[in-house]
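Scroll down for the structure; my scribbles are underneath it.
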Amino acid sequence: MIPEMIGMNNRENFRMERNQIFIKYGTDYKEMTKELLEESRLADLIGDKKLRIGIKPNMVSASDPSNGATTHREILAGIAEYLQEKDFHDLTMIEGSWVGERTMDVFYACGYDEICNTYKIKFHDTQKDKGYTEDCCGMELNICAGVKDIDFLINVPVLKGHCQTKITCALKNMKGLIPNSEKRRFHSLGLHKPIAHLNAGIHQDFIVVDNICGDLDFEDGGNPVEMNRVLVGRDPVLIDAYVCHMMHYETADVPYVEMAGKLGIGCSDITMADIRVCGSDMEKQLPRSRKVIEVADAVEEVESCSACYGYLIPALDMLKQEGLLDRLHEKIHIGQGFRGKTGELGIGSCTRNFCHHLEGCPPVEDQVYQFLKDYIENHQK
């Protein structure tokens, strides 16, 4: 698939359609973002200046965006500055971090307080919300009440890998708008199906993808891959299908993408995409990275939450790099499916009845690494 080149001086000839994805490369992330929003005529898409506009970043954990997990401040600044220059002033940043992290810790770690203060943006922590039940195309899901106060939602995900779903971008980023209890339930429901149906209950109107330096293996970051690229579009399904393509997956490898397409949320057929590069094309290809697959054979996972599994996999990668993982002959058990069950080796509070288990909901990466290292050195020959 070869993106078409378009010049910024010809932007009056373009009006973003649902099947279009605009891309820009560079290192001035704020200006890149503003130029893409101008190119896509976002202000015309929003229309009413009085609409309550929500900006939804990825605030998975307390990690600086340079680590490849959270949305870059400069992109958020570009969105805010563009909107205010177009006379949109009712702006709210809305998000809730993953289970085990406090949203406000992430808020300050990512420097979003600076963005909110500079541009007078309100911040809404969905972890403090009550939920409401919504029929999402035949599946009842619990959604944070703050979503009801948004008229136009701008989703700002990070393009990155995920330990359980292979990729995470536009569709999965909506998971930050459900209560923690519902996040846990998603995993008991198989994750892919509820992610697809959630996007029938929460409509994202515009997507700005942070592909500056996302980690291509771990959603919690730590192995950033510099791409210096921002993408924008209107169809979250098509964007995720394109992300699958860029990360060397088929859409069938990420079931929630095709599920969302079948629900009518968007188009999962990448051949229908009109990809356009604004300005110079740096022709960067994402490397093929499969660190998760290389260590996943050591794990028996049943309904584990993203945070718990997300801390385990990087810890296993560290053990692999040190030559210790090959000495582990016991399967590591993790997930809600092991509650009340017994076994030898488990991670997280759900495996508290196991002979050797690490307490925590979730235990963090360093704790998991040290626990498994000690187990290997003391219990494995």
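The values are calculated or read from the model by the stated rules, or taken from the named source; none is laboratory data. Keep in mind that what you see is a predicted model, and the values were worked out from it rather than measured. We place every Cβ from the backbone using ideal geometry, glycine too, and count neighbours over all the protein chains shown.
Just a few scattered comments:
- Failed criterion for Val292 (all others in (1) surrounded by fewer than 18 Cβ atoms within 10 Å (Cβ to Cβ); (2) assigned to a helix (DSSP H, G or I); (3) touching a residue at least 24 places away in the same chain (Cβ under 8 Å) hold): (1)
- Look at segment 266-278: where a residue is modelled with pLDDT of 95 or more and surrounded by fewer than 20 Cβ atoms within 10 Å (Cβ to Cβ), no partner that is of a type in the set (Lys, Arg) and not in a loop (DSSP other than H, G, I, E, B) sits 6+ places away or on another chain with Cβ atoms under 7 Å.
- Hits in segment 40-66 - residues which are on the phi > 0 side of the Ramachandran plot and under 14 Å from the mean Cα position of the chain (by Cα): none
- In segment 233-246, the residues that are free of Cβ contacts under 8 Å to residues at least 40 places away in the same chain reach residues that are in a helix (DSSP H, G or I) with C-beta atoms within less than 7 angstrom, at least six apart or across chains, in these pairs: Ala241/Thr251; Ala241/Val257; Ala241/Ile270.
- Extreme residue, nearest to Ile376 (Cα to Cα), among residues of segment 313-336 that are in a helix (DSSP H, G or I) and touching a Cys at 6+ places or on another chain (Cβ under 8 Å): Ile313
- Annotation: of all residues in segment 62-81 being of a type in the set (S, T, N, Q) and within 15 Å of Ile94 (Cα to Cα), the one that is surrounded by the most Cβ atoms within 10 Å (Cβ to Cβ) is Thr70.
- Segment 346-381, residues that are loosely packed, with under 13 Cβ neighbours inside 10 Å and in a helix (DSSP H, G or I): Asp366, Asp374, Glu377, Asn378
- Subset tally (residues that are out of contact with any Pro (no Cβ under 6 Å at 6 or more places or on another chain) and over 25 Å from Gly346 (Cβ atoms)) for segment 277-312: 13
- None of Lys284, Lys331 is in contact with a strand residue (DSSP E or B) (Cβ under 9 Å, 6 or more places away or on another chain), of a type in the set (Lys, Arg) and at pLDDT 90 or above except Lys331.
- Qualifying residue in segment 297-312 (condition: surrounded by fewer than 17 Cβ atoms within 10 Å (Cβ to Cβ) and either assigned by TED's automatic domain parsing to the domain that holds Val225 or at pLDDT below 85 (or both)): yes
- Looking only at residues of segment 318-336 that are within 30 Å of the chain's Cα centre (by Cα) and of a type in the set (A, V, I, L, M, F, W, C), we find that the one that is nearest to Leu189 (Cα to Cα) is Ile334.
- Matching residues, segment 216-240, being part of a strand (DSSP E or B) and at pLDDT 95 or above: Arg229, Val230, Leu231, Val232, Gly233
- Test: Asp240 is charged (D, E, K, R), crowded, with 22+ Cβ neighbours inside 10 Å, closer than 26 Å to Gln336 by Cα and not assigned by TED's automatic domain parsing to the domain that holds Val295: no
Residue-wise test of (1) hydroxyl-bearing (Ser, Thr, Tyr); (2) within 27 Å of Val277 (Cβ to Cβ); (3) not in a strand (DSSP E or B).
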residue	(1), (2), (3)
Thr27	yes, yes, yes
Thr33	yes, yes, yes
Ala43	no, yes, yes
Lys49	no, no, yes
Met59	no, no, yes
Ala62	no, no, yes
Glu74	no, yes, yes
Asp87	no, no, yes
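- Sole residue being in contact with a helix residue (DSSP H, G or I) (Cβ under 6 Å, 6 or more places away or on another chain), surrounded by 19 or more Cβ atoms within 10 Å (Cβ to Cβ) and either within 30 Å of Tyr249 (Cα to Cα) or without any contact (Cβ under 8 Å) to a residue 40 or more places away in the chain (or both), chosen from Phe186, Phe152: Phe186
- Per the listing Cys110, Cys116, the residue uniquely surrounded by fewer than 21 Cβ atoms within 10 Å (Cβ to Cβ), within 24 Å of Arg229 (Cα to Cα), in contact with a strand residue (DSSP E or B) (Cβ under 9 Å, 6 or more places away or on another chain) and at pLDDT 95 or above is Cys116.
- Residues located in segment 13-25, provided they are in a loop (DSSP other than H, G, I, E, B) and surrounded by fewer than 18 Cβ atoms within 10 Å (Cβ to Cβ): Phe14, Arg15, Glu17, Arg18, Asn19
- Every test in (1) under 20 Å from Asp217 (Cβ atoms); (2) surrounded by fewer than 17 Cβ atoms within 10 Å (Cβ to Cβ); (3) among the charged types (D, E, K, R) is passed by Asp317 save one, and that test is (2).
- Set side by side, the residues Cys213, Cys244 differ, and just one is closer than 24 Å to Arg73 by Cα, at pLDDT 95 or above and not in a strand (DSSP E or B), which is Cys213.
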